[in-house]
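K.L.:
Here it is, the structure in full.
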Amino acid sequence: MQRTTRRSDLPLPAARRSPDSTAAVLRAVLDHGPIARSSIARATRLSAATVSGIAASLQERGLVREAPEAVVRPGIGRPHVPLDVDSAAVGVIGVHIAVPRATVALLNLRGRVLARHQDPHGRRDPQSVLAAVADRVAAIRRDYGRRRRIVGLGLATGGWVDGVNGTVVEHPVLGWCDVPVAATLSAATRLPVRVDSNSRALLRAEQLLGRVAVDARRSAVQIFVGNVVDVAFATGGVIHQGPRSAAGAVAHLPVEGCAEPCSCGRIGCLQAAVGERALVRRALAAGLIERPDIHAVVDAALAGSAGAVALLEERARRVGRAAALLLDLFDPDVLLVSEAGANRVPGCLAALRAEVAAWSSAGADMTTTVHPSSFPENVLAVAGGAVALDQVYADPPI
């Protein structure tokens, strides 16, 4: 009896393939590439025919490529050429708006920073800052756009950020309120634009590209310490935003023993205690640096300045106390800290871990639970880029 082919046995045409299936294949290539199509099918639980069709579509879009250089020594028959993320055909723009400057970067699909520019703000009002960002984006596209298709722009910044509506609801340090960042930059650049907070953006980067990505996808807390301080947390790979996109506001947690005045009018808030402005001011007053910049403090510490090391280690201990509270509250698989000292000065990471251990009752192993950023040299560029990359891997562009 001749077998009748059922419609469900046939590979889906491109127009009917599930976006989730396409995303699953692309994520499998990101996580394991170079990887054989048969291995992708096992990892995603999709049929070989479906994987083959999706892979062909992703190749046409410049998102994946065949990697003949990764073929093992062939045996009998035609060797199977594995797939890898195409790092040359497609890219995203990453933007970070800090208090003193804007960072604009070009990243490939593996999050590697290919070009980066940091421009001090001429003026801090939203119109001036976003116009300058749009000009810098245009310059990067002129320089690289002929060789690489730019598929999106991601922006990260501090304060209260509504990622769903693409709005900076409130950034008290910059003085921004209800700024439609996504709409403004999309109109200026003609790119799809996504916006998120520093900590949520960096947690997305860790889940996609970080050293402990597998753990971060289970459960994670991310602390960002710059001129502003904020936190993100995730379970089951989902980053919590809250009904008002206000989750992670820890700037005004009280810090015991700190007399630093805060912009909110109180004394001893976490952001006032550990923010970069207070640290830089103290370093300048002590004659440890010549320019008001956190990088100058870190460079002085790396050059052997005992005073700079002491300031950074003190800040690391204060951050560690806040981290201990978050570790006990959420009990995550990993707690990630993006702070200049912990990222780059080994003694600071040790001091932070010791303080977490001293103040936490969770009983966690500090070396396997508390980690610095996976992107110490490019934290700000990767933060912005990850907002766009997260969308690429969730819903691969046509």
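K.L.:
Output the residues belonging to the range 358-376 that are surrounded by fewer than 19 Cβ atoms within 10 Å (Cβ to Cβ) and more than 22 Å from Val297 (Cα to Cα). Show your work before the answer.
P.N.:
Initially, the range 358-376 is screened for residues surrounded by fewer than 19 Cβ atoms within 10 Å (Cβ to Cβ), giving 358-359, 361-363, 365, 367-368, 376.
Scanning the range 358-376 gives Ala358, Trp359, Ser361, Ala362, Gly363, Asp365, Thr367, Thr368.
K.L.:
Among what's in the range 384-398 and is open to solvent by less than 40 Å² (accessible area, probe 1.4 Å) and in contact with a Ser or Thr (Cβ under 9 Å, 6 or more places away or on another chain), pick the residue that is nearest to Val137 (Cα to Cα).
P.N.:
Per the stated criteria, the residue is Gly384.
K.L.:
Still on this structure: Which number in (1) open to solvent by 40 Å² or more (accessible area, probe 1.4 Å); (2) modelled with pLDDT of 95 or more; (3) touching a strand residue (DSSP E or B) at 6+ places or on another chain (Cβ under 9 Å); (4) within 25 Å of Gly91 (Cβ to Cβ) marks the one condition that Arg200 misses?
P.N.:
Here Arg200 meets the rest and fails (1).
K.L.:
Which of the strands (runs of 3 or more DSSP E) contained wholly in the range 163-229 include at least 3 residues that are in contact with a Ser or Thr (Cβ under 8 Å, 6 or more places away or on another chain), under 30 Å from Gly265 (Cβ atoms) and without any contact (Cβ under 8 Å) to a residue 12 or more places away in the chain?
P.N.:
none
K.L.:
Is the range 235-243 home to any residue that is among the β-branched types (Val, Ile, Thr) and touching a helix residue (DSSP H, G or I) at 6+ places or on another chain (Cβ under 6 Å)?
P.N.:
yes
K.L.:
Looking at Ala246, Ala232, can you tell me which residue is surrounded by 14 or more Cβ atoms within 10 Å (Cβ to Cβ) and in contact with a helix residue (DSSP H, G or I) (Cβ under 9 Å, 6 or more places away or on another chain)?
P.N.:
Ala232
K.L.:
Being buried (at least 20 other Cβ atoms within 10 Å of the Cβ), not hydrophobic (A, V, I, L, M, F, W, C) and not in a strand (DSSP E or B) narrows it down to one residue among Gly91, Gly111, Gly62, Gly122; which is it? Even if it seems obvious, please write down each step before you answer.
P.N.:
Values: Gly91 fails: not in a strand (DSSP E or B); Gly62 fails: buried (at least 20 other Cβ atoms within 10 Å of the Cβ); Gly122 fails: buried (at least 20 other Cβ atoms within 10 Å of the Cβ).
Just a single option satisfies the conditions, and that option is Gly111.
K.L.:
Okay, next question. Output yes when any residue across the range 246-256 is under 13 Å from Ala322 (Cα atoms) and out of contact with any strand residue (DSSP E or B) (no Cβ under 9 Å at 6 or more places or on another chain), and no when none is.
P.N.:
yes
K.L.:
Given the options Arg282, Arg291, Arg315, name the one that is more than 22 Å from the chain's Cα centre (by Cα) and either within 23 Å of Glu206 (Cβ to Cβ) or acidic (Asp, Glu) (or both).
P.N.:
Criteria check complete, one pass: Arg315.
K.L.:
So, Arg149, is that one open to solvent by 30 Å² or more (accessible area, probe 1.4 Å), more than 22 Å from Val228 (Cβ to Cβ) and touching a Gly at 6+ places or on another chain (Cβ under 9 Å) or not? Walk me through it before giving the result.
P.N.:
Values: open to solvent by 30 Å² or more (accessible area, probe 1.4 Å): yes; more than 22 Å from Val228 (Cβ to Cβ): yes; touching a Gly at 6+ places or on another chain (Cβ under 9 Å): yes.
So Arg149 fits the description; yes.
K.L.:
Suppose the filter is open to solvent by less than 40 Å² (accessible area, probe 1.4 Å) and under 18 Å from the mean Cα position of the chain (by Cα); does Gly159 pass it?
P.N.:
yes
The values are calculated or read from the model by the stated rules, or taken from the named source; none is laboratory data. All figures in this text were calculated on a predicted structure; none of them were measured in a lab. Here the Cβ is made from the backbone with ideal geometry for all residues, glycine too, and neighbour counts use every protein chain on show. Side chains are part of the model used for accessible areas, which takes the heavy atoms of the whole protein and leaves out ligands, DNA and RNA. Shrake-Rupley method; radii C 1.70, N 1.55, O 1.52, S 1.80 Å.
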